[in-house]
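One structure is given below, encoded as structure tokens.
Nothing in this text is a laboratory measurement; each read-out follows from the coordinates by a stated rule. Keep in mind it's a predicted model, so treat the numbers as computed, not measured. Cβ atoms come from the backbone with ideal geometry, glycine included; neighbour counts cover every protein chain shown.
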Amino acid sequence: MSARGAQGDTAPRPDSVEFHEGETFPTTVFPSLDGGRPGSVADFRGKKLILHIFASW
Amino acid sequence: MAGIIEEQHPDRARLFMQWKQMRWPILVDSLNLLGTSAVPVTLAIDEYGVIRMVNPKPEEIEEKFLNRRFEKPASLPPVKDVAPDLNALKHATRRGTAEAWETYANALVEWAGPDRLGDAIQTYDHALSLERQSGPLHFRLGVAYRKRYDSPFHRPEDFQKAVDQWSAALELDPNQYIWRRRIQQYGPRLDKPYPFYDWVTTARKEIAARGETPVPLSVEPGGAEIAHPEKVFPAAATSVKEPDPQGRILRDDGQLVKIETAVVPDTKVAEASDRVHVVFRPNPALKAHWNNEAGSMVFWVNLPYGWNVDQRQLTIPNPPQPVSKETRQIEFEVKGPKQDCTGPVTLPAYALYYVCEDVNGVCMYRRQDVPITIAPPELK
């Protein structure tokens, strides 16, 4: 969640246009925040995952 | 639980997580590769990687997700668990497509060191020459420029180029709020939805009060990034006396102090305000350094008819030591009738400062003229 998440953002709340139920989440590899090691959401396969896409603002 | 952050400076999210005592794994998407147009977004993803809920209500998660059994899909995309092979991606650019060039540029930004950001910038330029109307390409080129600006390999024009590329991206997709916020964090108060990083001071205090050391930040949030929104332009008082109206102070032509400027526009309203960033760097080649005993640095903004500024004169207080050579920066905001302009407008500003050359060298009081160019949106 963003630091503003609880207060609300003036941006339109996404439905979202980019993510839809039934679709596979992209397996894009990103640097991890802790040390820059490569990681992806696919690393969590085998477990159910709650994923927050956010910014600290 | 896991997270993906969409920020230019990801270590600020580390500080945020430390402050809130959240310990989930976080991935960094500064380039907006996911294409997310706004945050926050919460997804419930099953054990096969399939999205089952988008922005679920908390009270529904247990019944509709955690306690449900999901069928394994007939096929799943392969799992990639290593960073991309830069050499292979470079080789793939021989295909000559914008996509191949962009994939290589993205990998250079994310996985190569800051010394390769110049290569990334050239690669994005090449991709853009093939696909000029790509908002994502413009945005990512802007990210690369700003990353280089914040690195030891920075060039003076990098910040302005980052802003110009983000503006070009937003022009192509004005509904992209990740791109919009990337400009607004550095932009004028009339355009801010909220103060972006005003929480940093509180976070550091509360973390220290717990006996922990706050995560260090590679780039401290600047004035624009902690400024609060305004609904009315805060025009400066007109009674301030100009320090050198006749231009009698001897000029430094940029040899002793290098000055960089960047103008960040309002993202929504053509005639609204701009935030001007000015950075002063004593020239290490001449061992130039500030003389802090003689007086403070002053920055003065002259205005064409019809223009307003929030501060006519800015004073930069000196640190306590008698000499120093730190980079100094100021920010101010201007507002004028841009819609009436047929070309760029130049605001004649100047800086007055006490600077010494070489160790034990000559110390002098100098003026450097700093023309600030404001371009109407259609000319950018």
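Overview of values
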item: For the stretch B:1-103, fraction of C-alpha pairs farther apart than 18 Å, in %; result: 67 percent
item: Proportion of all alpha-carbon pairs of the stretch B:233-379 beyond 19 Å (%); result: 54 percent
item: Hypothetical label at A:Arg37: residues of the stretch B:40-75 whose amide nitrogen lies under 17 Å (7 Å Cα-Cβ projection); result: none
item: Spacing of the two label points (7 Å from each Cα toward its C-beta) at B:Arg132 and B:Ala88, in nm; result: 3.5 nm
item: For chain B, built as a Gaussian network whose Cα springs stay under 10 Å, the top-fluctuating residue of B:Val278, B:Val50, B:Val28; result: B:Val50
item: Too-long pairs where the Cα-Cα distance tops 23 Å, listed order kept, from A:Lys48/B:Lys57; B:Lys205/B:Lys258; B:Lys258/B:Lys338; A:Lys48/B:Lys72; B:Lys147/B:Lys338; B:Lys192/B:Lys335; result: B:Lys205/B:Lys258; B:Lys258/B:Lys338; B:Lys147/B:Lys338
item: Convex hull volume per residue for the protein assembly as shown, taking Cα atoms only, in Å³; result: 170 Å³
item: Label point at B:Val269 placed 7 Å out along Cα→Cβ; residues across the stretch B:209-247 whose backbone nitrogen lies under 18 Å; result: B:228-236
item: Residues whose placed amide H lies under 5 Å from that of B:Met53, excluding near-sequence neighbours; result: B:Ala44
item: Average beta-carbon neighbours from other chains, 10 Å sphere, peptide B:12-21; result: 3
item: Inter-label distance, nm, simple model (7 Å from Cα along the C-beta direction), B:Lys231/B:Gln329; result: 3.0 nm
item: Gaussian network model of chain B, springs between alpha carbon atoms under 10 Å - residue of B:Arg68, B:Arg155, B:Arg12 with greatest fluctuation; result: B:Arg68
item: Computed over chain B: relative contact order in percent, which uses C-alpha pairs under 8 Å that are six or more apart; result: 12 percent
item: Rel. contact order, % - alpha carbon contacts under 8 angstrom, at least six apart, the stretch B:233-379; result: 29 percent
item: Mean separation of Cα contacts under 8 Å, 6 or more apart, over the residue count of the stretch B:109-197: relative contact order %; result: 23 percent
item: Estimated distance in nm for a label pair at B:Thr97 and B:Arg68, the labels positioned 7 Å out from Cα along Cα-to-Cβ; result: 3.5 nm
item: The stretch B:86-184: Cα Rg divided by the 2.2 N^0.38 Å rule of thumb; result: 1.02
item: Estimated FRET transfer efficiency (B:Thr213, B:Asp115; beta-carbon r; R0 41 Å; 0.05); result: 0.90
item: The stretch B:310-356: C-alpha pair distances exceeding 14 Å, %; result: 65 percent
item: FRET efficiency, 1/(1 + (r/R0)^6) with R0 60 Å, evaluated for B:Arg248 and B:Arg23 via beta carbons; result: 0.50
item: Binned Cα-Cα distances of the stretch B:250-337, short to long, each 10 Å bin given as a whole percent; result: 15, 41, 29, 13, 2
item: Hull-based mean projected area of the stretch B:134-254, where the convex hull spans the alpha carbons, in square nanometres; result: 12.2 nm²
item: Shielding of B:179-186 by partner chains, average beta-carbon count, 10 Å; result: 1
item: Per-residue average of Cβ from other chains inside 10 Å of B:78-89; result: 3
item: Chain B: C-alpha gyration tensor shape, a/c 1.5 cut-off, then a/b vs b/c; result: prolate
